[in-house]
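Please read the structure below before turning to the comments.
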Amino acid sequence: MQIEAADSVPIGHPARTYHQGNLALEALLDELERNMAEAEDASAICREFPKLMAIHQHYGIKEMLFMTVLYRHGVTGPSQALWKADDEIKKEIRALVRDLLPTTCMERKERMVAVMTRLREMVSKDEKILLPMSLRFFTIEDWYMVYRDSLLMGAGFLPEIPHWEEGDVWCEKRLKEETAKLNDSRVKLPTGELTLGELKCLFSHLPLDITFIDKDDVLRFFSR
């Protein structure tokens, strides 16, 4: 699957969603820069700047899903070049957000501007290096798995992860296959063995309720 631009793939495709996340990040940076340049509204800056903490989810998808798959395909350059910079950016944003108050906000303006500049530089690198490399090397199966896992990791700078119709079909099929495989797996007991599906069916038909609470007083199982 070799595609050159993130906006050439369907809505909900992980490459396009990450690209949209970068656009949303740039819009937030634009708003912050207006607050700093025009009115130096400390209250507005303190309200808006912490939204950059969503970079943890945004970069989490890049580092855990995009970079690891690229690495598996033998493409190690982007991971080595970007990972350290990502960590430095996240660390600086955490430090700036900590105890951020209108009375101290402007004292940190120079550091804020510096990290915002680095964020813009990273957006450029993601768009020019990470996404094109991913679109070049990822298989369609890779993209399906990235989509499935990104739904669990969160949307970052977007309100939600856009649905990818093709990916949803794959996820549903994969879930059915995994459930069927799990139901066929066997639980070995002292007097015999049962598949997980048979065991579930047995518990659901017993003429009594069963509740199991473990040694730590945690409810682990109950029958319906």
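The values are calculated or read from the model by the stated rules, or taken from the named source; none is laboratory data. Everything numeric here is computed off the predicted structure, so don't read it as measured data. Every residue, glycine among them, receives a Cβ derived from its backbone with ideal geometry; neighbour counts consider all protein chains shown.
Taking residue 161 as the residue in question, decide whether it is under 11 Å from the mean Cα position of the chain (by Cα) and of a type in the set (A, V, I, L, M).
yes
Of the numbered conditions (1) assigned to a helix (DSSP H, G or I); (2) over 30 Å from residue 12 (Cα atoms); (3) basic (Lys, Arg), residue 188 satisfies every one except a single condition; which is it?
Going through (1) assigned to a helix (DSSP H, G or I); (2) over 30 Å from residue 12 (Cα atoms); (3) basic (Lys, Arg) one by one, residue 188 breaks only (1).
I'd like to check which helices (runs of 4 or more DSSP H) are fully inside the range 1-119 and have at least 3 residues that are under 29 Å from residue 141 (Cα atoms).
Ranges flagged: 14-34, 55-61, 68-72, 77-97.
Do we find that residue 124 is in contact (Cβ under 8 Å) with a residue 40 or more places away in the chain, of a type in the set (Ser, Thr, Tyr) and surrounded by fewer than 14 Cβ atoms within 10 Å (Cβ to Cβ) in this structure?
So residue 124 fails the test.
Any residue that is under 20 Å from the mean Cα position of the chain (by Cα) and free of Cβ contacts under 8 Å to residues at least 24 places away in the same chain - is there at least one of those in the range 52-64?
Yes, the range 52-64 has at least one match.
Starting from residues that are at pLDDT below 95 and of a type in the set (Val, Ile, Thr), keep the ones in the range 1-27 and report whichever is nearest to the chain's Cα centre (by Cα).
11
Can you pull out the residues in the range 204-224 that are part of a helix (DSSP H, G or I) and either over 37 Å from the mean Cα position of the chain (by Cα) or modelled with pLDDT under 75 (or both)?
205
So which of 31, 88 ends up being within 24 Å of residue 154 (Cα to Cα), within 22 Å of the chain's Cα centre (by Cα) and at pLDDT 90 or above? First the steps, then the outcome.
On the way: 31 fails: within 22 Å of the chain's Cα centre (by Cα).
Residue meeting the stated conditions: 88.
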